[in-house]
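Visitor: Below: one structure in structure tokens.
FYI, it's all coordinate maths here, none of it is from the lab. Since this is a predicted model, take the numbers as computed values, not measurements. When we count neighbours, we look across all protein chains shown, and the Cβ atoms used for this are built from the backbone with ideal geometry, even at glycine.
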């Protein structure tokens, strides 16, 4: 199901433009020529309201090319891009949005365009274990938006998406670290775990990463390093199960398991988060 927050914003654009047609000169919004940009935009609205997004996009694009007023042309462009997004034409929608930003850099809906670009990249994330590039692209677009427009309503939604992405990236690091542990490749395992600690400290994998660092360093005879990570774990998460396991390691003879299960813990909050947004908007 589509992100209804994006949909509601698009509807707002549509209605704001449509309301202008009633409050201003009829000669502008109800021209006699059937091929006028206003007629084309009206046809786009009608198709949009019927969920015929492909035809709506076509009409909005035609209206944009014929509008003399930049404000109306820009609105047509953003509506065309959203219509393409509505039918999962992601590449075409992104192309239209990038073109919109170049042609109409001062338009009032530039922030929304950047938001929609970030959302589209996020929705293209599939299997990060096969291809991590979509995940990284989405993260970069979200980071750009949050840095430039941190106090907007859109930022709230994108912060959730950023957290989901970071959990997926941390999950991948943990998966690889566990593989290295299972084959006793300690240095690359430590490096992967340190990446989680440094870059993904707010994810659900931070406690386990600290525990694994305690475990590995103790096994290698580096007790001071093991105690250091145990102290960090205890200071921040002293009521958690991972700290309890680390405490046991440092208080009795301990041998690392030769066979460690490599879990494929993929974040499942993405869909539920979008559903929560939908319920709020309803």
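Visitor: Could you work out how far apart the two model spin labels at residue 111 and residue 183 are, taking each label as a point 7 Å from the Cα in the direction of the beta carbon, and quote it in nm?
Guide: 5.0 nm
Visitor: What is the ratio of the Cα radius of gyration of the stretch 165-208 to 2.2 N^0.38 Å, with N the residue count, to two decimals? Don't skip to the end; give the middle numbers.
Guide: Values: Rg = 9.6 Å, N = 44, 2.2 N^0.38 = 9.3 Å.
Relative to the 2.2 N^0.38 Å estimate, the stretch 165-208 comes out at 1.04.
Visitor: Of all the C-alpha pairs in the stretch 130-176, what % are more than 15 Å from each other? The partial results should precede the final answer.
Guide: Numbers: 484 of 1081 pairs.
That fraction is 45 percent.
Visitor: Please work out the Kirkwood hydrodynamic radius for the stretch 108-209, using every pair of different C-alpha atoms, and report it in angstroms with one decimal place.
Guide: Working: mean 1/r = 0.0684 Å⁻¹.
The answer is 14.6 Å.
Visitor: Could I ask something else about it? Starting from the 7 Å offset along Cα-to-Cβ, what nm value, one decimal, do you get for the label separation of residue 103 and residue 236?
Guide: Computed distance between label sites residue 103 and residue 236 equals 4.8 nm.
Visitor: Taking 0.36 nm per intervening residue step and subtracting the Cα-Cα distance, what contour gain separates residue 46 from residue 194 on full extension?
Guide: Values: separation 148, 0.36 × 148 = 53.28 nm, distance 5.48 nm.
Value of the extension gain: 47.8 nm.
Visitor: Follow-up. Would you work out the relative contact order for the stretch 70-159, in percent, from Cα pairs under 8 angstrom that are 6 or more residues apart? Before the final figure, lay out the partial values.
Guide: Details: 71 pairs, mean separation 19.3, N = 90.
Relative contact order, the stretch 70-159: 21 percent.
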